[in-house]
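Bear in mind these aren't lab numbers, they're just calculated from the coordinates by the rules spelled out. Just so it is clear, the model here is predicted, and its values are computed rather than measured. Virtual Cβ from ideal backbone geometry, glycine too; neighbours counted across all protein chains shown.
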Amino acid sequence: MKKAEILAKLNAFPYPPEDYWVITGAAMVLYGIREETADIDLGCTPKLADRLEAEGYLYQITPGGNRWFKLGGRWEVFENWLYDSVVTLEGIPVISLKGLREMKLRLGREKDLKDVRLIDDYLKKNTLS
């Protein structure tokens, strides 16, 4: 998914933006660090997780004790998954770059460590200009 498609899907997302934030690959696309991603991952408040559970969405419990929902297709929602803070990009709540970098570091997979390097390169270019 490219940026325009992500924005269209998020603008149609039927839940209040104060209860979720964009994380991982979709956040990288919204920042302009990557061109596209395969899915949209969100962090969410316990309030939204309760609502998703009440609406019948199936979930698993993460090792940290939070809920992880798959909303079908290419959407995943993770309760309380946030490092640092949330910023607003084009009207959409998105994890901060500092938080995104920390998240990717903690995931520690090869693809995430590549993303950390992309974030670092992005930060260097955008602090020099």
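When only C-alpha pairs under 8 Å and at least 6 residues apart count, what is the relative contact order of the chain, in percent? It would help to have the intermediate numbers written out before the result.
Working: 180 pairs, mean separation 28.8, N = 129.
Normalised by residue count, the contact order of the chain is 22 percent.
Using only Cα positions of the chain, each an equal point scatterer, no hydration layer, compute I(q)/I(0) via Debye at q = 0.09, 0.11 Å⁻¹ and quote the log10 values to two decimals.
-0.24, -0.37
Give me the angle, in degrees from 0 to 90, between the Cα long axis of helix 3-12 and the longest principal axis of the Cα atoms of the chain, rounded to the nearest 10.
Between helix and principal axis, roughly 30 degrees.
Past the 29 Å Cα-Cα mark, which pairs from Lys47/Lys111; Lys2/Lys125; Lys9/Lys47; Lys70/Lys124?
Lys47/Lys111; Lys70/Lys124
Under a crude label model (7 Å from the Cα following the beta-carbon direction), how far is Asn126 from Glu90 in nanometres?
1.3
Note down the magnitude of the dipole of the stretch 3-96 about its Cα centre, charges +1 on Lys and Arg C-beta and -1 on Asp and Glu C-beta and zero elsewhere, to the nearest 20 debye.
The calculated dipole for the stretch 3-96 is roughly 80 debye.
Nearest 500 deg cm²/dmol is fine: what mean residue ellipticity at 222 nm does the chain get from its DSSP H runs of n ≥ 4 alone, each adding -39,500 (n - 2.57), divided by its residue count? Before the final figure, lay out each step's value.
Working: 5 runs with 57 residues, N = 129.
Calculated at 222 nm, the ellipticity per residue is -13500 deg cm²/dmol.
May I ask for the longest run of the chain untouched by GluC sites (Glu not before Pro) that are loop-located per DSSP and have at most 15 neighbouring C-beta atoms (other than their own) within 10 Å? All intermediate terms of the calculation are to be shown ahead of the outcome.
Numbers: sites that count: Glu35, Glu55, Glu90.
Answer from the scan: 91-129.
Could you work out the relative contact order of the stretch 75-118? I mean the mean sequence separation of Cα pairs under 8 Å and 6+ apart, divided by the number of residues, in percent. Working shown, then result.
Details: 33 pairs, mean separation 11.8, N = 44.
Answer for the stretch 75-118 is 27 percent.
Whole-Hz ³J(HN,Hα) for each residue in the stretch 90-106, computed from phi via Karplus 6.51 cos²θ - 1.76 cosθ + 1.60 with θ = phi - 60°, x for glycine and proline: what do you get?
So the Karplus estimates, Gly and Pro as x, are 6, x, 10, x, 9, 4, 5, 4, 4, x, 4, 4, 4, 4, 5, 4, 5 Hz.
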